[in-house]
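Read through the structure below, which is laid out as structure tokens, and then see the notes.
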Amino acid sequence: MMNKEQKKNYISEMEVQFQNNESVLVTHYQGLTMPQLDELRAQMREKGIIFKITKNRITKMAHSDSFIPYEAQRISGKESAKRSADYRAYMDQRRSIRFFSNKPVSEEVIKNLIMAASTAPSGAHKQPWTFCAVSNSEIKTAIRKAAEEEEYKSYHGRMSEEWIEDLKPFGTDWHKEFLTVAPWLIIVFKKAFDYDGEEKRKNYYVNESVGIAAGILISAIHNAGLVTLTHTPSPMNFLQKILERPDNERPFLLLPIGYPIDDAVVPLLERKNEQEVIKYYK
């Protein structure tokens, strides 16, 4: 097996071959025996033809600027188990917080969190998201006012009795103080399509892609020593109007971000255990 440097050199050699020859034939050799391959190679050599056997992905990287070698992180199974256990324990400390301090968070931190989220995979790599980071107090006040109007309607008629009953352990109501107390709000918008000039270009698996990005964002927030809450007022169209977003964007999720107050509390909850969450097929 070639190491990283050997693979890089091999790809470079193939690139030269592609560039310096008038024609290149790429074919599968499935069904040929090793003696037959040796004979074919000898016949090709007699005619001045270079014959190479390479993996498909290596050929793609040499023939196209669209592919580059993947530099994998090589760690032992023991180290992998330790890291996975450490990460599981660390993320198990994550909680949704509703009691925020107004302690400032730098714009640099917010930028890093968003760009970490933007590493998420997406359908056809369309990256169908926009993250709006709001620290302006007037805009936050407008968002809170509109959100509380919608939440009031939800708590007083829109939501079923079962839904309201399920929310009782969280002690929530239509008041959303955290929207103005938290130093930052990140509003995640999904893009059903993009514009190429005046032409609409469809995006794929938009909800799935944006949902994955939001999950990475929440993990990054926790990793930065901050807290957040997934807030989804319904309907959310007021966010598009207040932030003056274009017609191809729809609000997906609102996340207040900051530090918790010193005496913050969270509901006493239990997460599902392994038997409830995992089904193995061995």
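The values are calculated or read from the model by the stated rules, or taken from the named source; none is laboratory data. Fair warning: this is a prediction, and the values are worked out from it, not measured in the lab. Please note: Cβ atoms are built from the backbone with ideal geometry, for glycine as well, and neighbour counts cover all protein chains shown.
Points worth noting:
- Candidates are the residues of the range 32-83 that are of a type in the set (F, W, Y) and modelled with pLDDT of 70 or more; the one that is nearest to K8 (Cα to Cα) is Y70.
- Taking (1) under 29 Å from H125 (Cα atoms); (2) loosely packed, with under 12 Cβ neighbours inside 10 Å; (3) at pLDDT 70 or above in turn, I11 satisfies each apart from (2).
- Condition check for K190: farther than 22 Å from N102 by Cβ and part of a strand (DSSP E or B): yes
- Leading residue by the ranking (nearest to R57 (Cα to Cα)) among those in the range 71-85 that are of a type in the set (K, R) and surrounded by 10 or more Cβ atoms within 10 Å (Cβ to Cβ): R83
Here's the yes/no breakdown for (1) crowded, with 17+ Cβ neighbours inside 10 Å; (2) part of a helix (DSSP H, G or I):
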{"site": "A213", "(1), (2)": "yes, yes"}
{"site": "L217", "(1), (2)": "yes, yes"}
{"site": "P233", "(1), (2)": "yes, no"}
{"site": "K241", "(1), (2)": "no, yes"}
{"site": "P246", "(1), (2)": "no, no"}
{"site": "F252", "(1), (2)": "yes, no"}
{"site": "D262", "(1), (2)": "no, no"}
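- Selection status of G225, closer than 22 Å to R98 by Cβ, in the same structural domain as E150 (by TED's automatic domain parsing) and in a loop (DSSP other than H, G, I, E, B): yes
- Selection within the range 99-146 - closer than 23 Å to F238 by Cα and either modelled with pLDDT under 95 or among the acidic types (D, E) (or both): E138
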